[in-house]
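The values are calculated or read from the model by the stated rules, or taken from the named source; none is laboratory data. Just so we're clear, the structure is a prediction, and the values are computed from it rather than from any experiment. Here the Cβ is made from the backbone with ideal geometry for all residues, glycine too, and neighbour counts use every protein chain on show. Heavy atoms of the whole protein, side chains included, go into the accessibility calculation; ligands, DNA and RNA do not. Shrake-Rupley method; radii C 1.70, N 1.55, O 1.52, S 1.80 Å.
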Amino acid sequence: MEGPLTAVAETGGRLRGSRCADCAVAAYPADTVCPRCGGPAEPVALSGTGTLWTWTVQRYAPKSPPYVPPAAGFAPFTVGYVELAEGVRVLAALDIRPEDAEIGMTVTITAGNGVPRGAVV
């Protein structure tokens, strides 16, 4: 996203979101206005750790483009929503085997190449 939201200081791989100056609600992805009250929002680096809110297994390849299948071909992967301390739920590709995923587990989340990535703490 171009514009004022690119002005966030270096986040070290943390997700960049926004926080409303009026009602303090946080949002991801970042926006210049609050999704709740329509007030102005400022850029903010979000927490790097959250709780797995729900998850599933992606068993089919995403639409191409923009997805570029790896040389070895598509392999199913785990995706889920991670709830951060700010109250934001972020959809992320999870580096967690489906049999190891549990709702409520602690997950670290970082900005990935195109999508956020999550891993077990």
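Only one residue in PRO69, PRO35 is under 22 Å from LEU15 (Cα atoms) and either free of Cβ contacts under 8 Å to residues at least 60 places away in the same chain or open to solvent by less than 30 Å² (accessible area, probe 1.4 Å) (or both), so which one is that? Being under 22 Å from LEU15 (Cα atoms) and either free of Cβ contacts under 8 Å to residues at least 60 places away in the same chain or open to solvent by less than 30 Å² (accessible area, probe 1.4 Å) (or both) holds for just one of PRO69, PRO35, which is PRO35.
Scanning region 43-66 for residues that are in a loop (DSSP other than H, G, I, E, B) and surrounded by 12 or more Cβ atoms within 10 Å (Cβ to Cβ) yields a total of 5. Restricting region 84-97 to residues that are over 22 Å from SER18 (Cβ atoms) and open to solvent by 50 Å² or more (accessible area, probe 1.4 Å) leaves a set whose member that is nearest to the chain's Cα centre (by Cα) is ASP95.
For PHE74, the criteria (1) part of a loop (DSSP other than H, G, I, E, B); (2) modelled with pLDDT of 90 or more; (3) surrounded by 13 or more Cβ atoms within 10 Å (Cβ to Cβ) hold in every case but one, which is (2).
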